[in-house]
1. What nm distance separates the two modelled labels at residue 90 and residue 624, each placed 7 Å from Cα along Cα→Cβ?
2. Could you tell me what percent of the DSSP beta bridges with both partners in the stretch 235-374 are antiparallel, to the nearest 5?
3. Taking a ≥ b ≥ c as the square roots of the Cα gyration tensor eigenvalues, with a/c under 1.5 meaning rounded and otherwise prolate when a/b beats b/c, else oblate, which class fits the stretch 177-227?
4. Assuming R0 = 56 Å, can you tell me the calculated FRET efficiency for the pair residue 226 and residue 587, based on Cβ-Cβ distance, to the nearest 0.05?
5. So how much slack lies between residue 367 and residue 712, counting 0.36 nm per residue of separation and subtracting their Cα-Cα distance, in nm?
6. What FRET efficiency do you get for residue 334 and residue 572 if R0 is 56 Å and r is their Cβ-Cβ distance, rounded to the nearest 0.05?
7. With a/c under 1.5 counting as rounded, go ahead and sort the stretch 214-287 into rounded, prolate or oblate using the C-alpha gyration tensor (a ≥ b ≥ c being the square roots of the eigenvalues; past the cut-off, prolate if a/b is larger than b/c, else oblate).
8. Going by how many other beta carbons lie within 10 Å of each one, how would you line up 747, 287, fewest first?
Amino acid sequence: MQPIKSAVSIENVLAQLPEERYTETDRELIQRAYRVAEEAHREQKRHSGEPYIIHCIAVAEILASLKQSPEVIAAGLLHDTVEDTSLTNEDIKREFGESIASLVEGVTKLTHMPRVSRGDQHAEANSASNDNEAEELDAPALLGRKEDMIAETLRKTFIAMGKDVRVMFIKLADRLHNMRTLNFAPEHKRKRVAQQTLEIFAPVASRLGIAQIKWELEDLSFLYLDPEKFKEISEQIAEKRPEREAQIEEIKEKLVKLLADQNIKSEISGRPKHIYSIYRKMQKKNKSFEKLYDIRAVRLVVDDIPSCYSALGFINTTWQPLHGEIDDYISFPKHNFYQSLHTAVIYEDNRPLEIQIRTPEMHVNAEYGAAAHWQYKEGRVSDKHSDKHYEMFISTLRTMADLEAEARDAAEFVESVRNDVFQDRIYVFTPRGDIIDLPAGSTSIDFAYHVHTTVGHRCRGARINSKLASLEQELKTGDHVEILTTKQLDAGPSRDWLNSSLNLVRTQRARGKIKTWFKKQEDSLNLAQGRASLEGELRKLGLFESVNYEKLARGLSFKTPDDLFLAIGKSDLTTYKVIKYIGEEEEKAKQQETESFQVGQATVSATSTDLIEVVGLKGMLTTMAKCCNPMPGEPIAGFVTRGRGVTIHRSDCPNILQNKENERLLKVVWGKQERTSPVPIIIRAYDRPGLVTDISKKISDENINITKVNVHVNNNMANIHLTIEVKSITQLSKVLTLIEKIDNVVKAQRAKPG
Ligand code: MN
């Protein structure tokens, strides 16, 4: 790749700084930071092939355009030195002092805090990379889900902002330049970096009210994420531009003149539409480009607040205002302190015109947002402490950092940030006079959970401004809220609080805490229920005495029997599956016995579909000996009878042992095919005509033989003793369940032996 020439130089940056604000000493500090950074990065190149220092200068230039203090600009020049060069934070501190060193450290930390959100020791993984342009979060493998990565970055971001918001200005400047040069980054990175910018850095810029940076980050992200749509919209804009600009010129001239007649001095500018915001509006309002772009917008800057309202009054009486389009953000600033009056009218050509009206101070605020509060004037940073908005702003940042500590997992954190932070806020007071910052629409319950989890759980009522209030009452900025709690220490929330139709809880944070409480309660209930239902089933099958829960849980991949019970209680696992597993294990055990028996006995292996394979004599008629009743799996031997085929005895049957040398003795083994065992069962039922028929039909439908039936009826209660031939525990379980479903049957279970 050919190195590109860049016009960026430190001289340009210095020339851009207003004489009256930045002293000679300020300029020297910036120069010195430049020399140190330049030397440290000297051997390094960007993806573009440019010397690395160009990036540092570009970052400093963006910070200069935000009119930041010389310390911040110097820190901007140095922002990658600790990260990517041999310089340490100690070096920076020695050379430039505590304040600059801590800014650089903040930016470094923002890039390289541990990348794994949950208790993983792989902190600082991948930090060896010496080229961090748009490299943050390059370890997705460690974090796994994308949501986790976003959460982790947001977390870092908010913590950094809460500590010193100027770190965020540097980070945004860094990201902005990386986005401006993203076309030089390797292709596979571009989309990912753009996505992250759109999900994290643009919202942060918006939250900080830095409109300029927000727009540019959004449009650049959009360019890489959806190049075709981007091209389509920008071409449409270009096509319309000449006509539109002519119109705007005409409107501007007319407005200035009309306002001057009213003694209102104004400066008017057309408002550029941003590609991504047009796209978003097209999506949201489901409108075509034509429809949206048709709306012209101008911005009026007038001398003072009274002039804003006079201008608004004049405009709204000259043209027909559109219903619901008048907003007074002067009396009610947006959460990021944005102030202006908004109106939309039907202009002379019968088409809509949007107008924003503001003072020069409001204009600076709208463009620079939080950065305006830190602007550098005549050798000092503006007097931020007199600013009420500033206090609230800082409180918001604190909340964002707190959110992280409360969130149960990363995804929930992202959710809570999206729902709770990037929305309008209200500010209410605790009884002690502390300000609590909540999303607009919050209720006393949200407030209670915000104060403390146990206050939330024990909340039973609220006093708002000293008056008893219902829990669903929406809080307003300035309300004094006192929560009434029950004394009962283990009290919990009400189910109703989660009922979304009642709308008692509005914040994700409170909702999460309530859910957690119920989940804990449910877990213990589910565990008990799961245990009871498994025990019941095992009793029914006569397996209760012999079951080993520890072994069973492990076999089914649960850590403990409790986990197994919980899974059954929560219906994640059915008792049928557990029984099936027990059956299969039993089969396996039998199989092994049979196999070892075969190894010891067989000389020739015959295949047969018969119950019993008679070694060497295929397809012989066999009967079970009545003397010893051999069970499948037991060692057996065959005795050739006259006219009745082969009788199968247990190999330890006295009749066999007596005839050991007899030539009529055969080696036989159990076949591998399904075989059945007789199992006695007991059925209790209220007697009725046809009951036994129904039961036997149900059993034979399952292809199961009944070998013995015995019915006792006593006081209308029938005790039916059956012996059925089943292949497995699973089959037994199934048939017992089917029998229990027959009308009048109370219980069906395996008979206890003996
Ligand atoms: Mn950088």
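1. 8.6 nm
2. On the way: 15 of 21 bridges.
Taking every DSSP beta bridge within the stretch 235-374, about 70 percent pair in antiparallel fashion.
3. On the way: a/c = 2.21, a/b = 1.97, b/c = 1.12.
Prolate.
4. On the way: r = 58 Å, r/R0 = 1.03.
Computed FRET efficiency for residue 226 and residue 587 comes out at 0.45.
5. On the way: separation 345, 0.36 × 345 = 124.20 nm, distance 9.23 nm.
Separation in residues times 0.36 nm, less the Cα-Cα distance, equals 115.0 nm.
6. Values: r = 46 Å, r/R0 = 0.82.
So the FRET efficiency works out to roughly 0.75.
7. Details: a/c = 2.92, a/b = 2.35, b/c = 1.24.
Judged from the Cα gyration tensor, the stretch 214-287 comes out prolate (a/c at least 1.5, a/b above b/c).
8. Ranked by crowding around the Cβ, least crowded first: 747, 287.
None of the figures in this text is laboratory data; all of them are computed from the coordinates on show. Bear in mind that the values here come from a model prediction, so they are computed numbers and not experimental data. All Cβ positions, even for glycine, are placed from backbone atoms using ideal geometry, and neighbour counts span all protein chains on display.
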